[in-house]
Amino acid sequence: MSVYICSVCGYDYDEAAGDPRHGIAPGTRWEDLPEDWVCPVCGADKSMFERQGGVEAVPAPAPAAAPAAQAPANNDGDAKLMAVMASNLARGSIKQYREEMSGLFTRLADFFESRSVPEGDWQSARGLVDADIAGAYPAAFEAARAAKDRGALRALTWGEKVSKIQTNLMGRWLKEGDAAFEGSDLFVCDACGFIFVGNEAPEICPVCKVPRFKFNRVGRGA
Amino acid sequence: MIAVRNIRLCTKDCLCLYVCPTGATNTENGQIDASKCLDACRACVDACPSGAISKVPMNYPPQQAKQEGTLQALRALLDSKLAQERAADAMLAQAATPAAAQFAKAMKMSLRLVAEDLLRESGYMLPQGQPARDFLKNLPDQDQPGFPVDAAARLKELLP
């Protein structure tokens, strides 16, 4: 009997114990878990689990010299970059209780957002997220470790986990469309971006551990 | 330093009202009036039984310097997240059902948060930092219709 650990939230699936609350009997082997079984804590799918004591997940020796995966198309003259710059500074301002400054940065963000050009679809976005997980995150972890930059490591740790959830959810959406999250709301953690599917946000964020009230609910309809 | 109240922790024990020498803590919107708060006073912080008040500085030390290799790696990820958000924008614009719009909105929020975090670790943690000031100095598209001229000017005043 083996134990498999969720690489997003750390939940361990113990084959001996199963997951009775979700209809998985004790003694159910990993291979016999239904393919649509997801982590009962964070919703990650089976592909995000690693066997305990299995091969250590060595950061793939990402071709360090290789240029970052093809610079994605950018037809908006960096408007999206400017929008994110400004929205991040608005967020930084409000954390310091600087309401006026935050509002001004938000107006800049809105302007640049209106100039950004939508482009792509879930397939292309998912391809990029998967490439990030396979290459850009490992390469960035390596660079941050070499620089002993724990702040960057913190952002990468959260970002990689959130990316795993993003690719899982896009996969479900591409497969099931409107039925994918039927009967559930989506909750986005306002600190790290983790997305939870359910009827109530989790007590704490499985990725960054902020309490429930830090989640924003994205409902269906108007 | 100014005192700030975390309204989610405040249990309305009102000790801050009793101890404040200037009345800064007694306001109609739940926020402490920064213009009345005394720089060196922390009477409300010490008196509050629920730990809802803290003093925050008006000036911050500069963010720790980043190494070039780290910056490049974070930038590669950021570019990817920006492209992913553009895709979410396209999916939101084309959303034919409430479910499609819901998913696109949630994805966009999530992608934006990750992108912002990458920027914070790339030197844009503080609005007062030099990278943020340089960003304000070099804003593109200032000649375009809708550019918020007054907002940009006021920000440069606040962050000279």
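Out of all the residues in the range A:34-49, is one or more within 18 Å of A:K164 (Cα to Cα), assigned to a loop (DSSP other than H, G, I, E, B) and in contact with a Ser or Thr (Cβ under 9 Å, 6 or more places away or on another chain)? Yes: one or more hits.
Conditions tested, residue by residue: (1) without any contact (Cβ under 8 Å) to a residue 60 or more places away in the chain; (2) out of contact with any Ser or Thr (no Cβ under 6 Å at 6 or more places or on another chain); (3) polar (S, T, N, Q).
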{"position": "A:S124", "(1), (2), (3)": "yes, yes, yes"}
{"position": "A:P138", "(1), (2), (3)": "no, yes, no"}
{"position": "A:L156", "(1), (2), (3)": "yes, yes, no"}
{"position": "A:K161", "(1), (2), (3)": "no, yes, no"}
{"position": "A:G171", "(1), (2), (3)": "no, yes, no"}
{"position": "A:A191", "(1), (2), (3)": "yes, yes, no"}
{"position": "A:R217", "(1), (2), (3)": "yes, yes, no"}
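For the range A:88-100, the set of residues classified as within 7 Å of another protein chain (Cβ to nearest Cβ) and either acidic (D, E) or buried (at least 22 other Cβ atoms within 10 Å of the Cβ) (or both) consists of A:N88, A:L89, A:G92, A:S93, listed by residue number.
Taking the stated definitions as given, is B:P62 touching a Leu at 6+ places or on another chain (Cβ under 7 Å), surrounded by fewer than 17 Cβ atoms within 10 Å (Cβ to Cβ), more than 13 Å from every other protein chain (Cβ to nearest Cβ) and part of a loop (DSSP other than H, G, I, E, B)? Criteria not met by B:P62.
Listed by position, the helices (runs of 4 or more DSSP H) contained in the range B:85-160 that have at least 3 residues being more than 8 Å from every other protein chain (Cβ to nearest Cβ) and under 16 Å from the mean Cα position of the chain (by Cα) are B:130-137.
Okay, residues lined up against (1) part of a loop (DSSP other than H, G, I, E, B); (2) out of contact with any Gly (no Cβ under 6 Å at 6 or more places or on another chain); (3) more than 8 Å from chain B (Cβ to nearest Cβ):
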site: A:Q123; (1), (2), (3): no, yes, yes
site: A:A136; (1), (2), (3): no, yes, no
site: A:R145; (1), (2), (3): no, yes, yes
site: A:W158; (1), (2), (3): no, yes, no
site: A:V162; (1), (2), (3): no, no, no
site: A:L169; (1), (2), (3): no, yes, no
site: A:R172; (1), (2), (3): no, yes, yes
site: A:F181; (1), (2), (3): yes, yes, no
site: A:C192; (1), (2), (3): yes, yes, no
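Listed conditions (1) crowded, with 19+ Cβ neighbours inside 10 Å; (2) at the interface with chain A (Cβ under 9 Å from one of its Cβ atoms) are all met by B:C48, apart from (2). Can you pull out the residues in the range A:75-87 that are among the polar types (S, T, N, Q) and at the interface with chain B (Cβ under 7 Å from one of its Cβ atoms)? Listed by number, the list holds a single entry, A:S87.
Of all the listed residues (B:T22, B:T27), the sole one being in contact (Cβ under 8 Å) with a residue 12 or more places away in the chain, more than 8 Å from chain A (Cβ to nearest Cβ) and part of a loop (DSSP other than H, G, I, E, B) is B:T22. Taking residues in the range B:108-124 that are without any contact (Cβ under 8 Å) to a residue 40 or more places away in the chain and closer than 10 Å to A:N88 by Cα, and partners anywhere that are outside any helix (DSSP H, G or I) and among the polar types (S, T, N, Q), the pairs with Cβ atoms closer than 9 Å and at least 6 places apart or on different chains are B:R120/B:Q63; B:Y124/B:Q63. Test A:A155 against the criterion of being out of contact with any Asp or Glu (no Cβ under 8 Å at 6 or more places or on another chain) and among the small types (G, A, S), and give yes or no. Against the criterion (out of contact with any Asp or Glu (no Cβ under 8 Å at 6 or more places or on another chain) and among the small types (G, A, S)), A:A155 does not qualify.
No value in this document is a laboratory result; all are computed from the given coordinates. Given the structure is predicted, the values throughout are model-derived calculations rather than measurements. Backbone-built Cβ (ideal geometry, glycine too); neighbour counts: all protein chains shown.
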